[in-house]
Amino acid sequence: MQTTEPDTGVRPEILQVLDAMEDAVILADADMNVRTITPSMERLAGISADDTRGADAARIVADKILPEADGDQRERILSLLQNRTESGGIAVRVPPTAGERWYIFSSRQVLATGDWLVRFRDITRREAAEGEVRRRSDDLAFLSRAATELATMPEEADLFSAIGAYLHELAPGSVVIASAADIQAGTLSPRAFFGIEPFLPDIIEVFGEGLTGLSLEIPPDIRAIMIRGEIEEVKGGLQEIALGQISQEICRKFEDIAGFGAMYCIPFAWKGEIFGSAVILTRREGGEVNFRAVEVFRSLASIALQRSRAEADLRESEKTFRALIEKGSEFIIIVDDQSKIRFASPPIERLDGFLPETLIGKNAFDMIQPEDLPRVEEEVSTLAERPGGSVQFEVRFRGPRGTHVIEAIVTNLLGDPQVRGFVVNAWDITERKRTEEALRRAEREKALILDSTAEMFAYYDTDLKVLWVNRAAAAFIGREPADLVGHRCYEIWHNRTGVCDICPVVIARETRQPQETEI
């Protein structure tokens with residue numbers, strides 16, 4: 001609608017300028033009575049320029065623009081208009097029926113004429129962009145904190161409790177249940193509950209107090225879904241979450257009591273291995289779920305659980321390596337597609353004296369031993385073509401205190417908007433490699449000593465296969481030692497196809513006493 005009525009008393013050139021403005025503007029006289037408004041103001045206020053002419057500008061703003069705005073901001077703006085006071089930018093939220101929008105309010109008097117310009121500049125897009133930046137920054141801070149803390153969790157029980165707590169942060173107002181999987185038994189057992197307190201009396205009435213003692217059998221189809229490692233909405237409600245092992249009547253009753261809405265399953269799996277899962281039971285009166293952060297966190301939690309299980313399997317046989325992990329030798333870095341370090345966790349300082357903040361922006365490849373660099377570059381280049389994929393390798397790491405051997409798992413999350421980089425979980429295996437080298441050196445020395453004697457020596461496994469023979473034993477039948485490895489003793493010394501009737505090796509194994517024989 002044009003604002004060029006001849007009786008407004010506004011010069012045509014000024015009207016032309018006002019019509020071209022994108023901002024919503026009221027042009028008022030010295031007494032704050034409306035002379036005209038711009039088309040944008042007509043749309044914002046839902047009123048025509050003709051209907052506003054001569055009206056009180058403060059009343060138009062109060063009744064047509066800010067009737068549902070924040071009380072403090074509304075009163076502040078109206079006070080400025082009623083007292084005819086100039087003002088700089090005041091951000092105000094306007095919730096019209098079409099959706100919430102943000103504006104910057106300002107009022108200024110034109111000295112030459114005494115007129116007032118009351119302006120509302122739409123900053124909704126800017127506010128949305130800034131809000132998105134804040135959310136992404138908050139998500140990255142959350143994920144960095146979670147990754148660092150999960151990497152140092154020593155026990156699986158603590159991990160599930162921490163995982164549930166982190167997910168509850170990302171799903172405020174929801175109920176979160178974290179469960180551990182026992183793949184050998186084929187069961188899933190709840191380990192941690194969050195947001196369940198308001199309904200605890202009803203839950204105890206139905207399930208008793210031993211919630212963490214529940215053990216649910218995992219059907220093959222559910223196991224296949226968990227292996228895929230994808231977040232899925234559970235359409236069948238609590239009964240599906242309970243794997244069909246709790247009656248539908250009980251599940252529906254509890255759903256009604258808690259006022260549950262949509263339900264989601266977050267499986268924790270890595271390279272086909274299942275560690276557990278979590279479920280988010282949203283409530284109709286609860287907050288939103290931050291699924292972007294949940295997806296990245298799922299990967300971090302899966303890696304943490306995989307590491308925890310691997311540590312448990314190796315705990316007895318590799319005590320030195322376990323102690324190294326428990327002292328925080330594992331660290332995490334995030335590297336962008338230009339190989340620049342964007343994040344480094346604090347344990348890297350304990351590894352080699354690097355302050356994490358000093359590594360930001362540096363090239364990650366500069367920390368690698370030059371001889372290892374081509375191999376690592378090739379591994380990472382191949383991984384870059386596999387979004388979401390992972391690769392594991394050993395590499396020598398150069399630091400102020402010398403060279404360390406690092407074992408790393410690198411995950412390609414370049415395509416994830418929350419990460420946009422490679423996530424590197426790494427730990428120091430220098431001592432383990434030194435131990436292995438010492439064992440190899442001892443084996444070489446043993447072989448050197450035994451090869452230099454005229455007596456014959458042979459090592460067999462429990463299946464009577466040759467593991468090693470010295471040169472004297474091989475020369476006895478005119479063969480090289482390597483030719484005999486893998487063959488059974490009775491094939492070599494007696495040219496038989498089966499065990500000898502009285503085999504001294506078998507007798508020694510069974511009696512654990514030395515035996516003698518002639519060949």
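The values are calculated or read from the model by the stated rules, or taken from the named source; none is laboratory data. In this text, all values refer to a predicted model and were calculated from it rather than measured experimentally. Neighbour counts run over all protein chains shown; Cβ positions are idealised from the backbone, glycine included.
Just to check your reading of the model, which residue among Pro67, Pro12, Pro39 is in contact with a Ser or Thr (Cβ under 7 Å, 6 or more places away or on another chain), surrounded by fewer than 21 Cβ atoms within 10 Å (Cβ to Cβ) and modelled with pLDDT under 90?
The match here is Pro12.
For a quick check of your reading of the model, give me the residue pairs whose first member lies in the stretch 491-519 and is within 18 Å of Phe457 (Cβ to Cβ), whose second is in a loop (DSSP other than H, G, I, E, B), with beta-carbon atoms closer than 6 Å and at least 6 apart or on different chains.
Listed by first residue and then by second, the contacts come to Trp493/Ile519; Pro504/Gln515; Pro504/Thr517; Ala508/Gln515.
Go through (1) in a helix (DSSP H, G or I); (2) under 17 Å from Leu27 (Cβ atoms) one by one and return the number of the condition Arg74 breaks.
Answer for Arg74: the failing condition is (2).
With respect to Asp29, determine if the residue is out of contact with any strand residue (DSSP E or B) (no Cβ under 8 Å at 6 or more places or on another chain) and surrounded by fewer than 17 Cβ atoms within 10 Å (Cβ to Cβ).
Taking the combined requirement at face value, the residue does not satisfy it.
This table checks each residue for (1) surrounded by 14 or more Cβ atoms within 10 Å (Cβ to Cβ); (2) of a type outside the set (A, V, I, L, M).
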{"site": "Asp372", "(1), (2)": "yes, yes"}
{"site": "Glu385", "(1), (2)": "no, yes"}
{"site": "Ile406", "(1), (2)": "yes, no"}
{"site": "Gly415", "(1), (2)": "no, yes"}
{"site": "Arg420", "(1), (2)": "yes, yes"}
{"site": "Val423", "(1), (2)": "yes, no"}
{"site": "Glu431", "(1), (2)": "yes, yes"}
{"site": "Arg434", "(1), (2)": "no, yes"}
{"site": "Glu437", "(1), (2)": "no, yes"}
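For the stretch 151-182: of the residues being modelled with pLDDT under 85 and part of a helix (DSSP H, G or I), which is farthest from the chain's Cα centre (by Cα)?
Ala157
So, of the residues in the stretch 46-57 that are crowded, with 21+ Cβ neighbours inside 10 Å and either under 15 Å from Arg119 (Cα atoms) or in contact with an Asp or Glu (Cβ under 7 Å, 6 or more places away or on another chain) (or both), which turns out to be modelled with the highest pLDDT?
We begin by selecting, within the stretch 46-57, every residue crowded, with 21+ Cβ neighbours inside 10 Å; these are 49, 52, 57.
When the remaining residues are screened for being either under 15 Å from Arg119 (Cα atoms) or in contact with an Asp or Glu (Cβ under 7 Å, 6 or more places away or on another chain) (or both), the result is 49, 57.
On the way: Ala49: 86, Ala57: 90.
Restricting to residues being crowded, with 21+ Cβ neighbours inside 10 Å and either under 15 Å from Arg119 (Cα atoms) or in contact with an Asp or Glu (Cβ under 7 Å, 6 or more places away or on another chain) (or both), the top hit is Ala57.
What residue, among those in the stretch 183-203 that are within 23 Å of Ile222 (Cα to Cα) and more than 21 Å from the chain's Cα centre (by Cα), is surrounded by the fewest Cβ atoms within 10 Å (Cβ to Cβ)? If you could, list the steps in order and put the result at the bottom.
If we filter the stretch 183-203 for residues that are within 23 Å of Ile222 (Cα to Cα), which is where we start, we get 183-193.
Now narrow it down to the ones that are more than 21 Å from the chain's Cα centre (by Cα): 183-190.
Working: Ile183: 14, Gln184: 6, Ala185: 11, Gly186: 14, Thr187: 16, Leu188: 25, Ser189: 17, Pro190: 21.
Step by step, filter the stretch 183-203, then rank; the result is Gln184.
Name the residues in the stretch 478-494 that are at pLDDT 80 or above and in a loop (DSSP other than H, G, I, E, B), would you?
Correct list: Gly478, Arg479, Glu480, Val485, Gly486, His487.
Being modelled with pLDDT of 80 or more and in contact with a Gly (Cβ under 7 Å, 6 or more places away or on another chain) is the filter here; which residues of the stretch 224-264 pass it?
Ile227, Met263
Sort through Ala384, Ala475 and tell me the only one that's of a type in the set (A, V, I, L, M, F, W, C) and under 30 Å from Pro347 (Cα atoms).
Only one candidate qualifies: Ala384.
State which residue is farthest from Pro387 (Cα to Cα) when the search covers only the stretch 422-440 and only residues that are touching a residue at least 60 places away in the same chain (Cβ under 8 Å) and part of a helix (DSSP H, G or I).
Thr435
Collect the residues in the stretch 108-150 that are within 30 Å of Arg43 (Cα to Cα) and β-branched (Val, Ile, Thr), keeping them in residue-number order.
Hits for the stretch 108-150 are Val110, Thr113, Val118, Ile123, Thr124, Val133.
Give me the residue from the stretch 441-471 that is assigned to a loop (DSSP other than H, G, I, E, B) and hydrophobic (A, V, I, L, M, F, W, C) and, out of that set, modelled with the highest pLDDT.
Leu464
Quick check, is Arg298 in a helix (DSSP H, G or I), touching a Gly at 6+ places or on another chain (Cβ under 9 Å), on the phi < 0 side of the Ramachandran plot and surrounded by fewer than 18 Cβ atoms within 10 Å (Cβ to Cβ)?
no
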